[in-house]
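The values are calculated or read from the model by the stated rules, or taken from the named source; none is laboratory data. As the structure is a computational prediction, the values presented were derived from the model and not from experiment. So basically every Cβ, Gly included, is an ideal-geometry build from the backbone, and we count neighbours across all protein chains shown.
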Amino acid sequence: MAKMTGHKESNEQEFQGQVVSRLNAEISKRSLGLDIATQEKPQKTTGKRSDLIVWIDRPATIAFLAIELKTPTTPINDPTFFKDALEKGRHWKAKYFALWNMRDFELYETTNPPHNPVPSDAIRKSTHPLALSHVEDWLKPNFKKDLHAQAIEIFDAAVVHSVSGLGHQHAIDPDIFVARLTESIGQLRTIFYKDLKRASGTDRKLRKRLKQIAAEQGFEGFVDDIDYAIAGQIGYRYIGQILFYFALRRKIPTLKEIEIGPKDALPAALKPYWDEVRRYDYEALFKPEPIEALVPVAKEAQTILRGLILQLGAYDWASLTDDVLGSIFEHLIPRGQQILLGQFYTPRPVADLLVASTIDGERPFVLDPGCGSGTFLMSAYAYLAHVANLSHKELLSIIWGFDVSPFAAELAVINLYRQDMAEYENFPRINVGNFFARNSKETLDFPAPQQASGMKKVPIPIPTFDSIVGNPPTCAHKTKMILILNTERSCSKQP
Ligand SMILES: C[S@@+](CC[C@H](N)C(=O)[O-])C[C@H]1O[C@@H](n2cnc3c(N)ncnc32)[C@H](O)[C@@H]1O
């Protein structure tokens, strides 16, 4: 930008301040789940002028829109202008960025490298350029009014795009999607970790409970920091629930759109939505679990969840293909993270080998009594899909998993569900609980197999299993065992 006089600079600052007030008036007038508009200190590399940011949550630094404002002397198609604006959007991790030279504007969705938007990707461009030629023109009453209207037009275009999901010119990129989710999970984990550490430092009962959870799930003594593993599990649980709910709405349109106001407390405000899903199934994901009550969900964490719901609501889920969504679920937890979450999973090739040498028969009932994220169950699914002519629904009815960890059970549900996301009747037989507390005469509620709507749950007896396959938790003496058991053929425990 040209060197400015002190006078010009103060005019510009004042103009920006006015825009911020105008945007704030708009934000407080409407219930959009947005927080505030502010002028932020610029990055060292990008000039003197403050950055104009609209926030989903200012304290949690979740930005919605970053506007790169230049004077009318900078052409809207100046490549440096575009580059600066994109950099700003990325720097503030804003969902949208805009270029605005007080005459024209362009609005874009912020993408992560290596995906660089190009001008033809603009969500909206100004249709009526203003006739300003100098920055001081904003002081003229007619221009002042038009400029304020233009600021609101930029803001509106971003809000409409975000809320309706309309105007998407690109398929959702799973990498970017997963990157956003991972970021939210990371932020949540940090907050839960801090709160768990603080609370368990003074609360002996809580410390004991955390140790008990670690012992139950078999990761006590294996992870460096139990609190960190459990904080991660809580974060994943909430994000998994939200993501899965959005995915389910594609198949069950009667599930309501999540509407959370800025003042609604989370997770309490989500309960009615979760209860509605549980009328269908998915208890393993949506039943309240003690792990969620270990620490209250701090305000900052609530804001992250609220922001995520707003962001997910902006996608056009109906046009999201099953394979893209499947890939999102598949990559939600990077392999390296799993150990930090206290989960020790068997590598898939090992599970495949064990499954192939264990499962027998056309329609065997298969169980993993400590199924974790469902590696053995997925392997059994693939094996039976290959050797027996069974539908997704039939496969799910014979492949069962238990896990004492709600987090693991949630992943197992998601992993079996995503094997065929086109199928409406998609109810994995996963149960959260202690395997040793189950008995063969017991029944568990699942949607009736013949129920086309899946609406009515019926008690289904735990079957007599033909094959039990899995990788049980580490024993007290810390040696690992792999269990291969075919109830008719063999029974062996291999150290
Ligand atoms: C070593 S992991 C194996 C997970 C999965 N089978 C695999 O191989 O990838 C053991 C799992 O058993 C679960 N578990 C431990 N004790 C259990 C119990 N009594 N009932 C059910 N699940 C249990 C743990 O939560 C953990 O997810």
_Tally of residues being under 14 Å from P72 (Cα atoms) and under 25 Å from the mean Cα position of the chain (by Cα) across segment 96-148_ = 0
*What about F81, is it modelled with pLDDT of 90 or more and more than 30 Å from I191 (Cα to Cα)?*
yes
*Check whether at least one residue in segment 72-85 is in a strand (DSSP E or B) and either among the charged types (D, E, K, R) or over 23 Å from the mean Cα position of the chain (by Cα) (or both), and report yes or no.*
no
*Here are some residues: E410, E362. Which one is over 24 Å from R279 (Cβ atoms) and modelled with pLDDT under 90?*
E362
*Does segment 156-176 contain any residue that is in the same structural domain as L65 (by TED's automatic domain parsing), modelled with pLDDT of 85 or more, not in a loop (DSSP other than H, G, I, E, B) and not basic (K, R)?*
yes
*Look through segment 380-403, keep the residues that are within 14 Å of the ligand (Cβ to nearest atom) and in contact (Cβ under 8 Å) with a residue 40 or more places away in the chain, and return whichever of them is surrounded by the most Cβ atoms within 10 Å (Cβ to Cβ).*
A380
*Where in segment 325-437 are there helices (runs of 4 or more DSSP H), lying fully within it, with 1 or more residues that are of a type in the set (S, T, N, Q) and more than 22 Å from the chain's Cα centre (by Cα)?*
375-387, 392-398
*Condition test on S120, is it surrounded by fewer than 20 Cβ atoms within 10 Å (Cβ to Cβ), assigned to a helix (DSSP H, G or I) and polar (S, T, N, Q)?*
yes
_Hey, N471 within 14 Å of the ligand (Cβ to nearest atom), buried (at least 20 other Cβ atoms within 10 Å of the Cβ) and modelled with pLDDT under 90 or not_ = yes
*Within segment 412-432, is even one residue hydroxyl-bearing (S, T, Y) and in contact with a helix residue (DSSP H, G or I) (Cβ under 9 Å, 6 or more places away or on another chain)?*
yes
*Name every residue in segment 186-228 that is small (G, A, S), more than 21 Å from the chain's Cα centre (by Cα) and surrounded by fewer than 16 Cβ atoms within 10 Å (Cβ to Cβ), in order of residue number.*
G201, A215, G221
